[in-house]
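Undergrad: Before I ask anything, here is the structure I am working with.
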Amino acid sequence: MKFKRTIRYEGELDRSLYYYMLSLPEGEGIIRCIQCGTCSGVCPLSIYMDFTPRKLIALVREGFSMDVLSSFTIWLCSSCYACTVSCPQEIKITEIMYALKRKAIEEGVYPRRFPVPVLAREFFQMVLRNGRSSESLLVLNLILKTNISKALSYVPLGLKLLKTRRLSLKKERTPGASEVKAILEGLKEGGP
Ligand code: SF4
Ligand code: SF4
């Protein structure tokens, strides 16, 4: 999918993301949203979001696909499920947030230099390669890819942690890494 970044005219709206969401078991409920705002009211993070959960769903339905995928909202969601258990229409809002995160990574349209999507992508790649994550290398990758100008300021802390053996630069790998890779590749091919 290629989404238009700035919508000026109604004809530029692109509802392909909406139809994609309707095709997912966790997303089909989006059609039932009555825009009551309960989800936004109970969400502990909605005050920090660029679009509240209610508004995000409205934007998906109306075709503001790029605004949705490049929003901070989907990355600020902490998966607390307060919205999901409160929604009178039983819409799986938390799962919808996950589906939108996956789509944003797939389309490469998440907010630049925002650490959460980079962390999610790096974590997945590391588990795909090694069957598990190595926390220190994951954090190192994250700093280098999101905040390289501050990388040097973390050196003293890193050295202290290395000295006290609280940090290891060893790349960890599970014996069943190839099986984990096969499962993850299968999930990628078989579904969203
Ligand atoms: S609580 Fe449910 S029905 Fe109400 S706005 Fe949120 S998603 Fe829509
Ligand atoms: S699951 Fe996400 S969107 Fe829903 S209430 Fe919690 S933080 Fe907000």
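Undergrad: Take the residues in the range 101-124 that are part of a loop (DSSP other than H, G, I, E, B) and in contact with a Phe, Trp or Tyr (Cβ under 9 Å, 6 or more places away or on another chain); name whichever of them is surrounded by the fewest Cβ atoms within 10 Å (Cβ to Cβ). Steps first, please.
TA: Here is the first cut: in the range 101-124, the ones part of a loop (DSSP other than H, G, I, E, B) are 108-114.
Among the residues that remain, those that are also in contact with a Phe, Trp or Tyr (Cβ under 9 Å, 6 or more places away or on another chain) are: 109-111, 114.
On the way: VAL109: 20, TYR110: 22, PRO111: 17, PHE114: 14.
So the residue we want is PHE114.
Undergrad: Suppose we filter the range 61-95 for residues that are part of a loop (DSSP other than H, G, I, E, B) and within 13 Å of ligand 2 (Cβ to nearest atom); how many remain?
TA: 10
Undergrad: I've got another one for you. Can you tell me which residues in the range 125-171 are assigned to a helix (DSSP H, G or I), in contact (Cβ under 8 Å) with a residue 40 or more places away in the chain and touching a helix residue (DSSP H, G or I) at 6+ places or on another chain (Cβ under 6 Å)?
TA: LEU128, ASN130
Undergrad: Here's something else I'd like to know. Being in the same structural domain as VAL180 (by TED's automatic domain parsing), in contact with a Lys or Arg (Cβ under 8 Å, 6 or more places away or on another chain) and either closer than 28 Å to GLU12 by Cα or modelled with pLDDT under 95 (or both) narrows it down to one of GLY63, GLY29, GLY37, GLY131, so name that one.
TA: GLY131
Undergrad: Then there is this: Among what's in the range 5-35 and is surrounded by 12 or more Cβ atoms within 10 Å (Cβ to Cβ), among the β-branched types (Val, Ile, Thr) and within 12 Å of ILE91 (Cα to Cα), pick the residue that is nearest to ligand 1 (Cβ to nearest atom).
TA: That would be ILE30.
Undergrad: Return the residue satisfying two criteria in turn: it lies in the range 10-60 and is β-branched (Val, Ile, Thr) and part of a helix (DSSP H, G or I), and of such residues it is farthest from ligand 2 (Cβ to nearest atom).
TA: The qualifying residue farthest from ligand 2 (Cβ to nearest atom) is ILE31.
Undergrad: Within the range 172-192, how many residues turn out to be assigned to a loop (DSSP other than H, G, I, E, B) and surrounded by fewer than 10 Cβ atoms within 10 Å (Cβ to Cβ)?
TA: Number satisfying all stated conditions: 2.
Undergrad: Take LYS55 and decide whether it is of a type outside the set (Ser, Thr, Tyr) and closer than 29 Å to LYS188 by Cβ. Explain how you work it out, then say what you get.
TA: Working: of a type outside the set (Ser, Thr, Tyr): yes; closer than 29 Å to LYS188 by Cβ: no.
Criteria not met by LYS55.
Undergrad: Report every pair of residues separated by at least 6 positions or lying on different chains whose Cβ atoms are under 6 Å apart, first residue within the range 33-54 and farther than 15 Å from SER86 by Cα and free of Cβ contacts under 8 Å to residues at least 24 places away in the same chain, second hydrophobic (A, V, I, L, M, F, W, C) and more than 11 Å from ligand 2 (Cβ to nearest atom).
TA: ASP50/PHE72
The values are calculated or read from the model by the stated rules, or taken from the named source; none is laboratory data. Because the structure is predicted, anything quoted here is derived from the model rather than measured. In this analysis, Cβ positions are derived from the backbone assuming ideal geometry, glycine residues included, and neighbour counts consider all displayed protein chains.
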